[in-house]
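Here the structure is laid out as structure tokens; the discussion comes afterwards.
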Amino acid sequence: MAKQQRDLAREQHWRSLVSEWRASGSSVREFCRQRAVTEPQFYAWRRTLAERDVQTMRRRHAKRKPAKFVPVTVLATGAVEVRCPSGHVVTLPSMDGDTLRQLFVALAKEPAC
């Protein structure tokens, strides 16, 4: 069976409609009635677009290098200890989310922790 060519203009039209529906706050039935499209057609396209988005994300994810994780320990005191492969140990006195984000952003910029 031959693979069917995507009609990008049609796909963009339906992406726009689905986006408009999400922003509208209307039910699918009401939105479809206002736009003169059938509910089955709307649901089919919404499902198709979601499947295409998942496939696109999987392809993008497959092309990325695997993330390198470092051990993180939450100590009984609430402090966080990060052990880098280089042997460096960073201990933070609290679980402050902003501080952790800043740490991980800074570590991600370095070639090797």
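The values are calculated or read from the model by the stated rules, or taken from the named source; none is laboratory data. Only a predicted model underlies this, so the values are computations on that prediction, with no experimental measurement involved. Reconstructed Cβ throughout: ideal geometry from the backbone, glycine too, with neighbour counts over all protein chains shown.
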Matching residues in the stretch 39-49 (farther than 15 Å from residue 29 by Cα, of a type outside the set (Ser, Thr, Tyr) and surrounded by 11 or more Cβ atoms within 10 Å (Cβ to Cβ)) number 1
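Show me the helices (runs of 4 or more DSSP H) found entirely inside the stretch 9-113 where at least 3 residues are modelled with pLDDT of 90 or more.
Numbers: elements: 28-35, 39-63, 97-109.
Here the list reads 28-35, 39-63.
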